[in-house]
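Here is the structure we will look at.
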Amino acid sequence: MIPREPAMGLAPQARVSDDDRDKALHLLQDGFADGRLSASELERRLELALTAQSHDDLLAMISDLTVDTVHLTPKSGRIKREGAWRVPRLLRIDSEYGKVRLDLSQALIRHPEIDIELWLTYGPAAIILPAGASANADGVRTEWGSVTCKAPDHRRPGKLHVHLTGELTYGRLTIRNSRT
């Protein structure tokens, strides 16, 4: 089994990075947009999140907000999503022999930024982004596989940004924008 990193990549008492703070701020803003936080509660939590020193401090600000997460764990077979499927904020896929194809070009995506974790031993993965979307696959490790990203890696205002992490031991990952 491939080792997993703790949530947000930190031990509980580790110091918080700017990237960790940004993720927490996005969760808080989503909580406000969804009506789960009032304006005054959002303001209080944003201030505390911006001054958090440890991972535990930061988690205290976001732990009661439901994280939109889907975890798919087939051992083999295909994982294929296309058309008007609902994309979670965090999608984790664990598969030893499976093949993954995620077409986001017509998907229902309510978050401006999503995270996709791929833990694939032998299978390949293809991700098709909507036109104008960007992706960063710097967090994907490979041993004998490859990662090809044809989408821009910098965020574009008002467009989807996909952050990819995980490991493809022997597989390959291809990311591109939709041709339509």
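The values are calculated or read from the model by the stated rules, or taken from the named source; none is laboratory data. The structure displayed is predicted, hence computed values, not measured ones. Every residue, glycine as well, gets a Cβ built from its backbone with ideal geometry; the counts of neighbours run over all protein chains shown.
If you filter segment 140-180 down to residues that are within 18 Å of the chain's Cα centre (by Cα) and among the acidic types (Asp, Glu), you find that the one that is farthest from PRO124 (Cα to Cα) is ASP153.
Do the conditions hold for ARG172, that is, is it at pLDDT 90 or above, under 19 Å from LYS99 (Cα atoms) and surrounded by fewer than 16 Cβ atoms within 10 Å (Cβ to Cβ)? No, not satisfied. Of note, GLY77 satisfies the criterion of being exposed (fewer than 13 other Cβ atoms within 10 Å of the Cβ) and among the small types (Gly, Ala, Ser). Taking the criterion of being of a type outside the set (A, V, I, L, M) and part of a loop (DSSP other than H, G, I, E, B), the residues of segment 154-169 that qualify are HIS154, ARG155, ARG156, PRO157, GLY158, LYS159, THR169. Is segment 34-45 home to any residue that is crowded, with 16+ Cβ neighbours inside 10 Å, modelled with pLDDT of 85 or more and either within 22 Å of PRO112 (Cα to Cα) or acidic (Asp, Glu) (or both)? Within segment 34-45, one or more residues are crowded, with 16+ Cβ neighbours inside 10 Å, modelled with pLDDT of 85 or more and either within 22 Å of PRO112 (Cα to Cα) or acidic (Asp, Glu) (or both).
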